[in-house]
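Scroll down for the structure; my scribbles are underneath it.
We did not get these values from a lab; they are worked out from the coordinates using the rules stated. Keep in mind that what you see is a predicted model, and the values were worked out from it rather than measured. Reconstructed Cβ throughout: ideal geometry from the backbone, glycine too, with neighbour counts over all protein chains shown.
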Amino acid sequence: MTTPLPTGDEKRATVTAMFDRVAPSYDRLNRLISLGQDRRWRRHAIEALAARPGDRVLDLACGTGDLCRELGAAGCRPVGFDLSPGMLEHARVVAPLVLADALQLPLPDVTADGITCGFALRNFTDLPAFARECVRVLRPGGRVSLLDAAEPTGALTRIGHSIWFRHAVPRIGGLLGDGAAYRYLPASTAYLPDPSAIVDLFTDAGLVDVRRRTFTGGAVQLITGRRP
């Protein structure tokens, strides 16, 4: 019998503790389970952000800082925010890092030129609240570029994705890291709205030109939008 996924405060505590545990091996396992594609996905996200040199970009749920490093290399001024002390402790970045909940950022209104988030939408306890918080802190014209997992639509790609993501990844995680965490990883995609609903969610929060693209046979999605 499948264990129900946690919600609300239980989810917040469970996810934070999980990322604290996996932080030491997080980068190494990310490279492995993405088959090295995670770098390419981040490049797509940064290109879609269309940030200019010197722009202040918030990387929400920044983890160990992969996006912060690449944003800095692109000439932006990134600031990382994460709820996991363990992830921030293992980050190797020159960007400022802040221990904070992405649903309640310790920032005044209209202070950011852009926002990124890598594979964490499904970990937030309230995705509509996250979308509203993004709109609150963005300056007019500021953009979001948000990566997460997705479910392929093609029959063959769905089969291959299921074999790898739902069966192989938990086993690899169990051998090399934390089995419970890497069982949660594929199961947590159930938190995500379907493709049309996720676009509507960010549109309803106040973004315009909200678009969804997919990569790697539909296994990864990129949500972009702009504050008017």
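Would you mind checking the tilt of helix 38-49 against the longest principal axis of the Cα atoms of the chain, expressed as 0 to 90 degrees and rounded to 10?
It is inclined by approximately 30 degrees.
With unit charges on the beta carbons (Lys and Arg positive, Asp and Glu negative) and the dipole taken about the Cα centre of the chain, which residue among Val220, Val210, Met18 sits farthest to the positive side?
Going by the charge dipole, the pick is Val220.
Rounded to the nearest 500, what is the 222 nm mean residue ellipticity of the chain from helices alone, with -39500 (n - 2.57) per DSSP H run of 4+ residues and division by all residues?
Result for the chain, helices only: -11500 deg cm²/dmol.
Nearest 10 degrees, 0 to 90: what angle lies between the long axis of helix 195-204 and the longest principal axis of the chain (Cα atoms)?
30 degrees
Estimate the FRET efficiency between Ile172 and Ala50 by the formula 1/(1 + (r/R0)^6), using the beta-carbon distance for r and 30 Å for R0, to the nearest 0.05.
Once the sixth-power term is evaluated, E becomes 0.25.
Determine the dipole magnitude for the chain: charges of +1 sit on the beta-carbon of Lys and Arg, -1 on that of Asp and Glu, nothing else is charged, the reference point is the Cα centre, and the result goes in debye to the nearest 20.
Once rounded to the nearest 20, the dipole reads 640 debye.
Out of Glu47, Glu151, Glu70, any idea which swings most in a Gaussian network model of the chain, alpha carbons joined below 10 Å?
Highest fluctuation of the listed residues: Glu47.
Once the Cα atoms of helix 127-137 and of the chain are each reduced to a long axis, what angle between those two axes, in degrees from 0 to 90 to the nearest 10, is obtained?
30 degrees
Find, among the trypsin sites (Lys or Arg not before Pro) in the stretch 99-184, those assigned to loop by DSSP (not H, G, I, E, B) with at most 16 other beta-carbon atoms within 10 angstrom.
Counting only loop positions with at most 16 other Cβ atoms within 10 Å, none of the trypsin sites (Lys or Arg not before Pro) in the stretch 99-184 qualifies.
Which residue, Ser34, Ser145, Ser84, tops the fluctuation ranking in a GNM of the chain built on C-alpha contacts under 10 Å?
In this elastic network of the chain, the residue with the biggest mean-square fluctuation among Ser34, Ser145, Ser84 is Ser34.
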